[in-house]
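Asks: Sharing a structure below in structure tokens format, with a few things to ask.
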Amino acid sequence: MIEISAQVDLFHPADRVWHALTDRELLNRWFADTTAAADAPGRLLFATAELPGFDDVVGAEVVEQRAPEMVTMRCLEAGRRSLLTCTLTPTAEGCRLSLRETLQDGEWSTELRAAREQSFQQALANRLPAILDWFAFQQVDLRRGEAGMTAELPVLEWAGAPKPRGRRGVVLLAAGVGVLLAGGGAVWALRSEPPEQTEAQDSPTATATMTGSTAASSRPTPGTSSARPSRTASASPRPSRTPTAKPSRTPGSAPPPQPPGPVMTAHYENVNSRLLGYTAEVVVTNPGDGTGGDWTVVVTFSDDSEIGKVSGAEWRQDGQTVTFTGSAVPAGQSQTIRFDVRDSAAFAKGPASCAIDGRPCEGL
């Protein structure tokens, strides 16, 4: 059994990706021009004759589907019959789209099969994410109030979903504001007061004052008798602090100087771009003769970009700054960090800066 497979992780929910897989207008934008066959209702014709890996128009009809999880089509192209299955699996950041085409009748040459698989992968990894970003942008409601800027958040309107009534939205907004105010009041009420500063009790002035008051209170009052012995406050002199000379280091006790480790380098590159994001790589290289130590790469954005699907390093994001850390790289070898960037600006070019251990990355 001969198979072709391709896979991509997407920053979009499965139902939006399903729409891009089943809507003919969107298919035209990211895969190939699609028309309905005149002689067979339900059969689609994909104009793939000019695409790498295809040598004729592909006729396809759906034989099984479970929205928004899976769709299987029976395909016919130049005498070859195959089954094409697209599967959507939800992930923490969106969904994973897996494509598999199984040849049932006929054969592919080695070159045709490799070119076909590459066409599928490019369509899924480049053109499809761009169309999904564009489609998501079309679904965002950017309405403004007539009196100018408002505090309304963008509303995402999904096809087929009931629109919330205006009064319900106002009630929900008021409830949200009430929760925020209540939470702020609780934090203000429970916040700890700073400790009051007190005078040092062991200062000479304070000691003398306390000593005098103690002695005065211990004296008997004329005309009265007391069985208690009088207390005489005696101040014990404090030992004076005499600075002691630190033992001088002899030349033989100093640790031997350590040779400096190799200076690590990094090269930044955008490997593909989308309408509202891109995929980037940072290659960390050890050009020296010895094994270097741990390294840190800091990427700084100029806007509200967020990253995900990171491989090749540990990472954390604090606002506009992303910090990648990794272990030592052997001499003459490199480590590749790959990550996806979601950006609200259309066709963003890259971050504002990139540095490894405080030194600028190349290529940016």
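The values are calculated or read from the model by the stated rules, or taken from the named source; none is laboratory data. Because the structure is a prediction, the values reported are computed rather than measured. Virtual Cβ from ideal backbone geometry, glycine too; neighbours counted across all protein chains shown. Side chains are part of the model used for accessible areas, which takes the heavy atoms of the whole protein and leaves out ligands, DNA and RNA. Shrake-Rupley method; radii C 1.70, N 1.55, O 1.52, S 1.80 Å.
Asks: If you go through the stretch 309-321 one residue at a time, do you hit one that is open to solvent by less than 10 Å² (accessible area, probe 1.4 Å) and outside any loop (DSSP other than H, G, I, E, B)?
Replies: no
Asks: Considering Gly53, Gly94, Gly42, Gly59, which residue is surrounded by 13 or more Cβ atoms within 10 Å (Cβ to Cβ) and more than 39 Å from the chain's Cα centre (by Cα)?
Replies: Exactly one residue qualifies, and that residue is Gly59.
Asks: Sticking with this one: Give the residue that is farthest from Tyr268 (Cα to Cα), with candidates limited to residues of the stretch 322-335 that are open to solvent by 60 Å² or more (accessible area, probe 1.4 Å) and of a type outside the set (Gly, Ala, Ser).
Replies: My answer is Gln333.
Asks: Which condition breaks for Ala20 when tested against (1) at pLDDT below 90; (2) in a helix (DSSP H, G or I)?
Replies: Of (1) at pLDDT below 90; (2) in a helix (DSSP H, G or I), only one is false for Ala20: (1).
Asks: Out of Gly308, Gly212, Gly223, Gly252, I need the residue that is modelled with pLDDT of 55 or more and either in contact with a Phe, Trp or Tyr (Cβ under 9 Å, 6 or more places away or on another chain) or not hydroxyl-bearing (Ser, Thr, Tyr) (or both). Which one?
Replies: Among Gly308, Gly212, Gly223, Gly252, only Gly308 is modelled with pLDDT of 55 or more and either in contact with a Phe, Trp or Tyr (Cβ under 9 Å, 6 or more places away or on another chain) or not hydroxyl-bearing (Ser, Thr, Tyr) (or both).
Asks: I'd like to know if the stretch 67-74 contains one or more residues that are more than 17 Å from Ile4 (Cβ to Cβ), without any contact (Cβ under 8 Å) to a residue 24 or more places away in the chain and not aliphatic (A, V, I, L, M).
Replies: no
Asks: State yes or no: is Arg43 among the basic types (Lys, Arg), at pLDDT 90 or above and more than 27 Å from Asp343 (Cα to Cα)?
Replies: Against the criterion (among the basic types (Lys, Arg), at pLDDT 90 or above and more than 27 Å from Asp343 (Cα to Cα)), Arg43 does not qualify.
Asks: Let me ask something else. Take the residues of the stretch 275-308 that are open to solvent by 40 Å² or more (accessible area, probe 1.4 Å) and without any contact (Cβ under 8 Å) to a residue 40 or more places away in the chain: which is farthest from the chain's Cα centre (by Cα)?
Replies: Residue satisfying both the conditions and the ranking: Gly293.
Asks: Of the residues in the stretch 288-305, how many are over 12 Å from Ala348 (Cβ atoms) and in contact with a strand residue (DSSP E or B) (Cβ under 6 Å, 6 or more places away or on another chain)?
Replies: Matching residues across the stretch 288-305 total 6.
Asks: Run down Leu112, Leu124 and say which single residue is closer than 13 Å to Val17 by Cα, of a type in the set (A, V, I, L, M, F, W, C) and part of a helix (DSSP H, G or I).
Replies: Answer to the selection: Leu124.
Asks: For residues that are hydrophobic (A, V, I, L, M, F, W, C) and within 17 Å of Pro287 (Cα to Cα), scanning just the stretch 338-364, find the one that is surrounded by the fewest Cβ atoms within 10 Å (Cβ to Cβ).
Replies: Once the filter is applied, the top-ranked residue is Ala355.
Asks: Any idea which residue in the stretch 23-39 is nearest to Arg100 (Cα to Cα), counting only those that are part of a loop (DSSP other than H, G, I, E, B) and open to solvent by 70 Å² or more (accessible area, probe 1.4 Å)?
Replies: Ranking the qualifying residues of the stretch 23-39, first place goes to Asp33.
Asks: Also: Test Glu101 against the criterion of being open to solvent by 70 Å² or more (accessible area, probe 1.4 Å) and either touching a Phe, Trp or Tyr at 6+ places or on another chain (Cβ under 8 Å) or of a type in the set (A, V, I, L, M) (or both), and give yes or no.
Replies: Judged against the criteria, Glu101 is not a match.
Asks: Within the group Leu103, Leu88, Leu99, which residue is of a type in the set (A, V, I, L, M), touching a residue at least 40 places away in the same chain (Cβ under 8 Å), in a strand (DSSP E or B) and touching a Pro at 6+ places or on another chain (Cβ under 8 Å)?
Replies: Matching residue, one of Leu103, Leu88, Leu99: Leu88.
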